[in-house]
1. Does V181 count as surrounded by 18 or more Cβ atoms within 10 Å (Cβ to Cβ), modelled with pLDDT under 90 and touching a strand residue (DSSP E or B) at 6+ places or on another chain (Cβ under 8 Å)?
2. Restricting to segment 203-212, count the residues that are surrounded by fewer than 18 Cβ atoms within 10 Å (Cβ to Cβ) and either within 29 Å of E40 (Cα to Cα) or in contact with a strand residue (DSSP E or B) (Cβ under 8 Å, 6 or more places away or on another chain) (or both).
3. Step by step: first the residues of segment 73-93, then only those that are aliphatic (A, V, I, L, M) and farther than 12 Å from V118 by Cα, then the one that is surrounded by the most Cβ atoms within 10 Å (Cβ to Cβ). Which residue is that?
4. Within the group G280, G247, which residue is out of contact with any Asp or Glu (no Cβ under 6 Å at 6 or more places or on another chain) and among the small types (G, A, S)?
5. Mind checking which residues of segment 349-385 are modelled with pLDDT of 70 or more, surrounded by 10 or more Cβ atoms within 10 Å (Cβ to Cβ), charged (D, E, K, R) and under 27 Å from R305 (Cβ atoms)?
6. Quick one: count up the residues across segment 203-227 that are within 17 Å of L57 (Cα to Cα) and either of a type outside the set (S, T, N, Q) or touching a residue at least 24 places away in the same chain (Cβ under 8 Å) (or both).
7. Out of Q58, Q91, which single residue is part of a helix (DSSP H, G or I) and within 21 Å of Q198 (Cβ to Cβ)?
Amino acid sequence: MSVSDKQPPISGASLMLGMMLALACCIAAAGVLLARRETETRRVRDRQAQHALANTLQAEARKLEEMYDGHLKSTGALLMQSMRDSESARQIAQNVEGIQRVSWLYWRSASPETHLSVGVPADPLLPEPTLQKEHSGLPRPRVILDAKMIFADAGGQSSGWIDEPGKPLMFYVQQLGAAVVLTIDRAAVETAMNRYFQTWLTQKFRTVEELGGPDAVQDSHGEMLRSVGQLPDIPPDVLAPVITRLGVWQVVSWDERTMRVIYHLPTLAGALALALLTAGCGIGMSMQQRRAALLAQQRVSFVNRVSHELRTPMTNILLNLDVIEESVPESATNRFGLVREEAGRLSRLIENVLTFSRQEEGRLKLNNAPCVPVDVVDGIVRQFEPALLR
């Protein structure tokens, strides 16, 4: 026999007690969760250093933009002289970061428009700047420019940006009715400026780092160029944008926050009281079930003992009746039959009581057997025949 077979079965009282105690624990846990309150305390920080950094960063970004304008102007002037030498023009354009395409356009001239790609061709293809409203040649993406703006001073020199919605970023240099239009990769220029700012912030960010943060400088894509402290996963409390034509940067800062946990006492007390009441009810019901089970067991045990005590004397009485019946005169036979009949009835009652006690204890086993109705009826008739004859 295994160890599990020797273990007593779980009683109904123990099962009910366990369920009620588990329910009480669930009620208490739910009450604690409902009563829990998290409060956030926010302390606004002094941000003079952050604002000063944003102003310095804005000035530096404008300085870089002006320097880039100057490089594009000088590059455009050189390209104006190299329009017939594509390799030389490509080398000149590659010296400046962000130039994707060079286009030569003409004001009221029969000279054809010329386009030169610089670096790896973009995917999808960049639209070609043009002054011609009518399409010619193979189908290709185009963007029509305003000739009056570019050639406003066709007899002199001019330059400027073309930054319009739906069009790529472009810079033009115009001299005496001919214009060089440079298509600019804004993302490449912003990446180059990010590299510069990462080095530049090594010195300029120190005043902010001394405060401990959390503070950061990020680009338009949210990438951190420099940071200090543990940056929270929530939007910044203060945001100082640095906006230029070539990119956007932000000085972001968060206030100091402390989390404090408190519990709503009425909710907590109510939940704990209900949990204690549930546990008390479970203990009380378990005790009542145990008491009832004990009384039932004692009752069955008493009936079982009494039945066994009566069974032995009744067996002896029936045996003695058989012995005495053989020696009595025939006139007393009827009386002995009556005594035997009553003794048999009492014996059957004792057997029924024993059967009931076995059923209460769960020891009664029923076996299926063939049933012959004639035998059953004959047994009943023999059992009640003496009473019927009387």
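1. So V181 fails the test.
2. 5
3. Checking each candidate, the answer is L79.
4. None of the other options fit; the residue is G280.
5. E351
6. Summing the residues that are within 17 Å of L57 (Cα to Cα) and either of a type outside the set (S, T, N, Q) or touching a residue at least 24 places away in the same chain (Cβ under 8 Å) (or both) in segment 203-227 gives 17.
7. Q58
Okay, residues lined up against (1) of a type in the set (A, V, I, L, M); (2) over 30 Å from M16 (Cα atoms); (3) in contact with a His (Cβ under 8 Å, 6 or more places away or on another chain):
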position	(1), (2), (3)
V208	yes, yes, no
L211	yes, yes, no
L225	yes, yes, no
W254	no, yes, no
Q289	no, no, no
A296	yes, no, no
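The values are calculated or read from the model by the stated rules, or taken from the named source; none is laboratory data. Quick caveat: nothing in here was measured; it's all calculated off a predicted structure. Using ideal geometry, Cβ is built from the backbone for each residue, glycine included, and neighbour counts are taken over all protein chains shown.
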